[in-house]
Structures are given as C-alpha cells and as structure tokens.
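Okay, so here's the structure we're looking at.
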Amino acid sequence: MCRNVFAMAAGIMIVLVLAPAPSVVAAGAPNESPIRVTGTAKDALGRPIDGASVSMQNSAGKIVARAASNSSGAFNLEAPGIGVYAVVATKPGFKPATRILTLTRTAPKPVEIAMESVAALSLPVVARRLDKVRNSLSPVTGGSIYTFTEKALRQLPQGNNTPLNQVLLQAPGVAQDSYGQLHVRGDHGNLQYRLNGVLLPEGVTGFGQILTPRFARDISLLTGALPAQYGLRTAGVVDIKTKDGLLDSVSNLDFYGGQRGTTQPSFEFGGSKGNFSYFATGQYYGSDRGLEPPTTGPTAIHDTTNQGSGFGYFSYFLSPTTRLSLITGTAVSHFQIPANPNQVQAFQLAGVPTYPSAKIRENQFEQNYFGVLTLQGEVGASFDYQIAPFSRYSSVSFNPDHVGDLIYNGAASKVLRSDWASGFQLDTSYRGVAHHTLRLGGSFWGERAEIDNHESIFRTDSSGAQSSNVPFSITANHALTSWYYSGYLQDEWKPIEKLTINYGARFDLYDGLVRADQLSPRIGVVYTPFKHTTLHAAYARYFTPPPTELVSIGSIKAFQNTTGAPPSNGNGNPTAERDHYFDAGITQEILPRLNVGIDSFYKKASQLLDEGQFGPALIFTNFNYDKGRVYGVEFTSSYNLEKLTTYANFTYSVGQGTQVTSGQFNFDRNELKYIGSHYVFLDHDQTFSASAGAAYTWNTFMFTIDGIYGSGLRSGFANTGNLPYYIQLNAGITKRIEMAQAGALVLRGAIVNLNDRTYLIRNGTGIGVGAPQYGPRRALYAGITWELPFNRPSSPVQ
C-alpha cells in the first residue's frame, strides 16, 4: 500500500469509435471489407495514455489486429469484418482488461475499456505530473532558452553560494555591470523574474541579490522573440523552478567563507507529511567587499556589507489534480558605499577647511518582501489552469555623508524610494483540439511608488560658481501610482510532426506617469527537418512601460541657482518603449553529445528606455531615446559525457540610440546636442561577451572551472569610447564523504578571479555613470555542507 492519503486506483478508459464498411456479411468472409476502429486511451483521470498496447482477437482467440496509443492516446485498429471480437488493453503497471465488442452492419455505440493500476499513484508522481502541467502553461516556441539544472548549479566553482547574477553571466548574451547589474542582449535591465511561472513584480533597483540559486531546482533564461504570454519586461525572462519538500526532502547545514572577511552560513530544510509539503532556506552574507570599489586594491575602503535572506515554499494537495501552494521570501541588506581616496575638494563648507575623501561614509539600506499564492490543477484530460495572486514590497534608503558629499559633490542627498505592488496572474491551456494547444491568460496589478529626496546644497551666482559656503535644504517628495492590465491568447499548432507554429497576441495597458497601450502580435516557428537539427524563427511586437522610480518635474525649478541644478532644463516625461523584435537560429548535434547553436536577433525600438546614475545618490533614473536599435549574434556549444561536462558561449551585440526625449536635464548640453544628431552607443553596450566552463568528476571529487570575457563597456563623451577587455577565471573542487547514519559531508574550495586580473567595469565616464568600479580581485573560499540524516525519504522517489 502507498503511504500517501491520495493513493488511488488508476485505470485506462478506451473510447472506441467504430466505422463499418459499406458491405459486410460474416466474420472472416473472403470478400469482406475491413472495419476501421479508432479510439483513444485515457486513464481514470481522463489523461491520454502513451504506449498502451491494444489488440483485437476473434472468437477463436486469434489476434487479428494490433495497435499502440500515441502521445495523444489515439490508436487505430482494423477488424476483418462483422462478428464478435475481444479488445484487450495492456500496459506495464496496469492489470490487463478485456471488453467484448460486437460489430454489425450498424455502427455500435463507443465502447469503453478500463484497466486497474497495479500500484496506486503516489504523491511524488502526482507532484511531478502537476509540475509538468505547470511547465506546459509556459511554452518557449520561437524564443531561445538557456537552462541551469540543479546539477549545473552544483558544478559552479562556488556551487549554490554563487550569487544569482554571477550564475546568469554564464548564459549567452549576458554582460555584467557594476552594482550587480546585468544586461541581456543589449538592454539595460528590462528583466522579468518568475517563480514557478508566476511573475514577480519588479522592485526598486538596489545592490542586493533578492533571489538565490539555493532554492532553485533549475533556472532558465528565456530571450528572443517570446510567445504572447510574456510581456512588459522582455529583454529576458528569468524563470526559477523552486524546490519542493515532497521531491526535495533535505536537511542541510552549510558554512562558507574566506578572504575579504566573507562569511556565509546557510541552511536548507524540506520534507512532507501527508498532503502537505514544505521547503525553507535561509542565509546570511557578510563581506568587507560588498560593492565594486573605485580602487584597485583587494581590500576596499568602507565597503562592508551585511545581508540576510529567507525563502519558503509550502504546498497542499486538495485533490490528485489540484494543488495550493505558497511562496514567500525576504531579503534585507546593508551596504557601505566604498570611498575614493585622494580626490580634489570642489566646494567650500563653512567650518570644515579640509575633509579627506577617504573619510567619506555613505550607506544604503535595502528591504524586499514578497509572497505568491498559487492554485493550480487539471480539469479532465485537456484543461489546465493556474491562478496566482502576488504581492511585493521593496525600499531603498541612501544615507549620504553630509559633510563629505557637500565638499566633493556640492550636494548631499538623503533619498528614500519605496514600492508596493500587488495583483494576480491567470494562465490556462486547452488541448482538446487535435494538433492544437490553446492558451489564454493575463495579469493585473497596481503599484504605488514613494520617492523622497532631502537634499542639502549651496547657493550659486549667475555664472554657476558657488556664492555661499553655508548649505540649505530642499525637500522634493512625490508619489506615483501605476496600473498594469495585460491579456493574451495564443495557439500552439503542430500541422505535422516536425513543425510547430506558435501564434497569438497580447494586449497591455499601462496607466501611470503616462497612459499607453498596445496590441502586440507574436509568431514563432520551430522546424526539425532532421533528427538532430532544429530551426527556429520568430517575430514579436513588444511594449515596455517605464519603471516607476522617476524624478518629478517640479523638483527641477527648485534647484535653479544652486549647486544641485541640473546641467540642462529639458524634462520630458518618460514614456513606454515600443519594439519590433526578430529572432532566428539553428541548433545542431554535430557529434554524439556535442551540440552547437547560433542565434541572431534584431530590435528596432521607438522611445528606447535606458537608465543612468545622475547625481550623488547611487540610485538609477530612467530616460528615453527617440529611436534605438539593438542587434547581434549568439553562439552556444556544449559537450557532455558521463563524468565530463563542458560549455562555451560567445555573443556579438550592438546597442545604439539617438535623440533624448525624456529626462534631458540629466545631460550636459553639448552631449545632449551631439546625441540629437548621432546614433550613440548605449552606456551598457559591450560588443563582445563570452562565457565558458567545465566540470569533471573523479571518484568522490569534482573539479570545476568557469570564466567570463568582456570587450569592455562604453565610456567617455556620449559613450564614444570603450573600456579595455577583461577575462576572469574561477575554479573549484569538491569532495563528498559519506558517513552512514550521520549523513554526508561535502567539502568545497573555490578561487574567484584565479588569474587575479585587475580590470575596470566602469571608469566613471559615460552617460549616466558615476565613480569608477573595479572587478573582484583574487580570493580564496572554502565551505563545508553537512547533509543531515534526518527528513530523508525511506525509499527513492519514483
């Protein structure tokens, strides 16, 4: 007997539709025409059964016809003529079942045959089935997908201790930036994060990593021309399939740390009891190198960070076809802003004749909390659904060094930005039409952003020179409420076995700083002409509203004739970006287990959105280019053996824009004029990017290495220059020690920046760029994971 309360008998129902021939006389008559018998194999829950063996026997017990059901459960038989036959269905794991069928000149009613399961369904089987259904709600036809499995995450030099942004850097088309930012296929941010297919509203941009690989079963990055259900943030979709205590029954304690004062203890705990399953993980991260500093040395000045995060997944089976789950998480982070020594004082402050720049002490505090409640299930064999309300709160508080910022920047800004978003998402799919999968869904949410700015500044004269050394304060607070309405309808059609066409459209309405909407058609085609060759091409119309962390119009006039005055006066409102996106590529297995792929993309943008750091606070502000274009080519490869896995990715990308149409006050007048008549490179444009890695297992040891290459981000006046290239290598080794009743130990050692290359991510110049930032220096880390013997399943999960 199965230990689960949902143990049940499953069966196979075969519905037979009989079509007699025009003329029949007696069974087995020499001139008799055969009778075509069609049917569908289904289990007791109404799901199609693939691979059921169906035979037809005559009255003498001789088999006269055989068939096997396909992936849709369909099969065909031919009876030799009228008469009495036995239809027998068999399948491993089920008891054989027989029904008697009488064929006459008149077509009989459909006949059903049921098979009883040898073993009852267990909860892990039910969970896996529902996971598969959930995944089927999110197709990737026409787009590109790069997946990090749980095994691939363990094979990274730092394993699950690797920050999420560093994991994604190993995917094609991803370029790194300072403060943990990522750029996918030439976009600044514009990433959408999903947990088990449910979107997580974006929060206020900060330094901390909100999500961690520690709770991921796998992480997928979807790019390119995406199907209609993906919208609003479309440069890339990071979809994380979370661990589930029913399938991931664990009790782990981990301690990891090393140079730069790094300490990272964590735990994982997951299991199940009856219909209920749970998984929780938490970690603390402390380091003396929290942000990329403006100095080259391994140890930065005033760069300590303390971060804590937690995650929980809880689910309950209401029935064998219905699951209710809750995802909740939090992340709280404190960052010191690293100081840049030996800078020249630019302003005079009464009572403070000198103040070394190495003494500047700025700090940032970040909070993030989120929750997702999901009801997911099946109705019969053809209809799946997922309903998910969600909520997220985030805030970023920047606290200046009042004295130091006034002396070196002429302004000291205390900034608080908070954002609260709540809404729901609905996804459904219907497979009741042959060769078609219809999908319908949408989302709605509201968002409230509070932007508070308390700034101390000096008076200036008509020439812009400082006229007073006594500061005064200006308060510029405002709030913005935004509403998002989205819906989509699409059809995945397989006209032939080798061809899949996904077509549809979505409608998005944004009502915030501006009101805008768009109907966006999508179409993608995947064709497999040969067994190991896959071609794909797609087109998508995209609509991207501006993020809600904006600068108010009224604040500009208040700063006139002060050291906080902007370099120019234009202030158009940020508006929605609209794109035409094209994607085409091919993947090929050129040798057994050696796969290669090439993918090209082109985006033509109107009102291209970009972001930059304009001002002393390390918080980003968005603006628009009137026109933009992004294009490039990606190359991917992988080679996998039993003990060796390798991969290599390379990307060529160009991103450009012209004519700034919003937030013009952030730009120097000469730079603004130049951009108005030239296509300039986007500040985050990196022409060449590459990543590679390998893992080899020998006995109980695993050796890993990975690396990234970048040709350098943009710099200088109007981004006309670019930084030097860089290469960073990381390596690691792990050893597993089994301890019988005490569980197991996993020992890990890792080296970050093995070649100890000193390189600039930013040099302090370029559009919307503040101080310089250097990449990490070589650092040694070690860790130990104790896999406790508690909470383990008594037998392997089937």
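The values are calculated or read from the model by the stated rules, or taken from the named source; none is laboratory data. Note that the structure is a prediction, hence the values are computed from the model and not measured. Counting neighbours? That spans all protein chains shown, and the Cβs are built from the backbone with ideal geometry, glycine included. Surface areas here come from the heavy atoms of the whole protein model, side chains and all, with no ligands, DNA or RNA. Shrake-Rupley method; radii C 1.70, N 1.55, O 1.52, S 1.80 Å.
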Net charge dipole size for the chain [Lys, Arg +1 and Asp, Glu -1 on Cβ; Debye, nearest 20]: 1960 debye
Calculate the spin-label point distance for F424 paired with Y284, positioning each point 7 Å from the Cα along the beta-carbon direction, and give it in nanometres. 4.0 nm
Where does the chain land at 222 nm, in deg cm²/dmol rounded to the nearest 500, when only DSSP H runs of n ≥ 4 count, each adding -39500 (n - 2.57), divided by all residues? -1500 deg cm²/dmol
Within 10 Å of each candidate Cβ there may be at most 15 other Cβ atoms; applying that plus a DSSP loop requirement, which GluC sites (Glu not before Pro) in region 584-680 survive? E642
The alpha-carbon center of region 673-695 and that of region 425-472 are separated, in whole Å, by 24 Å
Probe radius 1.4 Å, ligands and nucleic acids left out: which of K498, K273 has the largest accessible area, and how do the rest follow? K273, K498
Calculate the FRET efficiency for Y316 and I590 from the Cβ-Cβ distance with a Förster distance of 45 Å, rounded to the nearest 0.05. 0.45
Here the convex hull volume per residue of region 429-483, taken over Cα atoms and given in Å³, is 154 Å³
Given a Förster distance of 22 angstrom, what is the FRET efficiency for T720 paired with R669, based on the Cβ-Cβ distance and rounded to 0.05? 0.85
Would you work out the relative contact order for the chain, in percent, from Cα pairs under 8 angstrom that are 6 or more residues apart? 10 percent
Filter the cross-link list K243/K531; K42/K151; K557/K673; K498/K643; K494/K531; K241/K643 down to pairs whose alpha-carbon distance in this structure exceeds 28 Å. K243/K531; K42/K151; K498/K643
Length gained, A731-T90, 0.36 nm per residue minus C-alpha separation, equals 225.5 nm
With the other protein chains left in place, how much accessible area per residue, in square angstrom, belongs to the chain at a 1.4 angstrom probe? 41 Å²
Using all alpha carbons of region 247-288, what is the percent of pairwise distances in each 10 Å bin, ordered from the shortest bin to the longest? 28, 36, 23, 11, 3
Net length gained if the chain between A742 and R757 were fully extended (0.36 nm per residue, minus Cα distance): 1.2 nm
Calculating semi-axes √(5λ) of the Cα gyration tensor in Å from this structure picks out, from (i) 57, 30, 24; (ii) 49, 40, 25; (iii) 68, 38, 23, entry (i)
Taking K62 as the anchor, which lysines have their alpha carbon closer than 23 Å to its alpha carbon, excluding any fewer than eight residues away along the same chain? K91, K95
How far is helix 123-136 tilted, in degrees, relative to the longest principal axis of the Cα atoms in the chain, given as a value from 0 to 90 rounded to the nearest 10? 70 degrees
What nm value, rounded to one decimal, do you get for the distance between K359 and R99 when each label is placed 7 Å out toward the C-beta? 9.0 nm
Mind jotting down the three principal axis lengths of region 183-329 based on Cα atoms? Whole angstrom, largest first. 59, 41, 21
Between region 56-104 and region 510-544, what is the separation of their alpha carbon centroids in Å? 45 Å
Pairwise FRET efficiency - E112 versus K62, Cβ, R0 = 25 Å, nearest 0.05: 0.55
Label-point separation (nm) for F701 and H478, each offset 7 Å from Cα along Cα-to-Cβ? 6.2 nm
Per-residue accessible area for W483 at 1.4 Å probe radius, Å² rounded to 10? 100 Å²
Starting from the Cα-Cα distance between E642 and L519, subtract it from 0.36 nm times their residue separation and give me the gain in nm to one decimal. 39.5 nm
Ordering of 471-480, 572-581, 208-217 by packing [mean C-beta count within 10 Å, highest first]: 208-217, 572-581, 471-480
Heavy-atom accessible surface of the chain: percent carbon and sulfur, 1.4 Å: 59 percent
